[in-house]
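To start, the structure itself, in structure tokens.
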Amino acid sequence: MNSVPLSLQDAFNLSVSYWESHIGCTKGGSPYNFGEKGYYSFLSSAGKALGNSTKNGDYMAVLKAVDFMQNKPPEPFVIFLPGIGAHPPYGAPQDYFNMYTAEQVHEHAPLRPPMQPNKPKYHKGIISYRELDGFNQTFFDQINAIYLGRVSYVDWIFGQLLDGIEKSPMSNNTAVFVSSDHGDFAGDYHLVEKWPGGMDDILTRVPLLARIPGGKEGHIVAEPVNTFDIMATMADMAKVNISYINFARSFLKQLNGAAGNASRTVYSEGGYFYHQEFEPYDPEQEAIYKDPHNLFKTIC
């Protein structure tokens, strides 16, 4: 995403705006003491502030962006709003923490069971090193319920941004893109957070919403895209040529109502280093770790 403003800035006298806000939202601390099982589960308590409090960094950033757009900003401009989103720890502002219950999750959106066959070793490894063994299903349903509350909070914040754009003079000539860098286990498989090289659908399939002037309203693109395609789409709209080699493709035609390419191959980048694609470490696979070409052997 950071390559987008830089590339556009090279082509135009572009105003790139950001604010020194602390990203995140209010939440409490862990209900477990250090050394107790559950301490590494990312489970948290409710924050002391409500969702519409400016103590929430993600919300404060949106307010600053809306104020910028409503006060005759220099054009063209790009605003990049990185936020914590629904990232762990699993806590939320007061009015979103108990929005859903473990019982609702269990009845209406049951989680994937743990220790399924043909899953990578880290499924078992995460349960072990985060000391999640011994907790019952309700514990993981509760984690997911709080996570869903946080997702609803992100939805509300995004709505505040869209409402602010609609009330600004920028409404008819501003494009908006929102997505996420990864998903979250959030209790599925009795796991929490993510895994650097994980290819589980709940980690790699993330939301992508776009609003562009003159775009096809309500159009849903069923074909696969990459989040990196946001960069190519922004450049396409601005008629900027990205000269360096990349795998991104503009989905501007899809935003105007066209279908995508159902047979396209899309990519998921994972790991902090190439050998982490195969964690947990297995000495018998040393030759695999040392060959960076094996980074690209995972196919879903």
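If you go through the range 161-220, how many residues are aromatic (Phe, Trp, Tyr) and within 16 Å of residue 85 (Cα to Cα)? Adding up the residues that qualify gives 2.
Search the range 152-181 for residues being assigned to a loop (DSSP other than H, G, I, E, B) and small (Gly, Ala, Ser), and hand back the single one that is farthest from residue 74 (Cα to Cα). Filtering the range 152-181 for residues that are assigned to a loop (DSSP other than H, G, I, E, B) and small (Gly, Ala, Ser), the one farthest from residue 74 (Cα to Cα) comes out as 180. Hey, does the range 188-196 have a residue that's assigned to a loop (DSSP other than H, G, I, E, B), open to solvent by 10 Å² or more (accessible area, probe 1.4 Å) and within 27 Å of residue 76 (Cα to Cα)? The answer is no, given that none of the residues of the range 188-196 is assigned to a loop (DSSP other than H, G, I, E, B), open to solvent by 10 Å² or more (accessible area, probe 1.4 Å) and within 27 Å of residue 76 (Cα to Cα). Note on the range 214-244: residues that are assigned to a loop (DSSP other than H, G, I, E, B) and farther than 17 Å from residue 258 by Cβ total 10. Within the set 154, 206, 240, 176, the sole residue that is over 20 Å from residue 99 (Cβ atoms), open to solvent by less than 60 Å² (accessible area, probe 1.4 Å), β-branched (Val, Ile, Thr) and in contact with a Gly (Cβ under 7 Å, 6 or more places away or on another chain) turns out to be 206.
Among the residues of the range 82-102, is any in a helix (DSSP H, G or I) and open to solvent by 80 Å² or more (accessible area, probe 1.4 Å)?
Restricting attention to the range 82-102, the residues satisfying the condition of being in a helix (DSSP H, G or I) are 94-97, 102.
Next, only the ones that are open to solvent by 80 Å² or more (accessible area, probe 1.4 Å) stay: 94.
Yes, the range 82-102 has at least one match.
Note on the range 121-151: residues that are in a helix (DSSP H, G or I), at pLDDT 95 or above and either surrounded by fewer than 16 Cβ atoms within 10 Å (Cβ to Cβ) or of a type in the set (Gly, Ala, Ser) (or both) total 3.
In a helix (DSSP H, G or I) and either open to solvent by 70 Å² or more (accessible area, probe 1.4 Å) or more than 19 Å from residue 151 (Cα to Cα) (or both), is that true of residue 75? Judged against the criteria, residue 75 is not a match.
The values are calculated or read from the model by the stated rules, or taken from the named source; none is laboratory data. Treat the numbers as computed from the prediction; the structure is a model and nothing was measured. Backbone-built Cβ (ideal geometry, glycine too); neighbour counts: all protein chains shown. Protein only, heavy atoms only, side chains kept; ligands, DNA and RNA dropped before computing areas. Shrake-Rupley method; radii C 1.70, N 1.55, O 1.52, S 1.80 Å.
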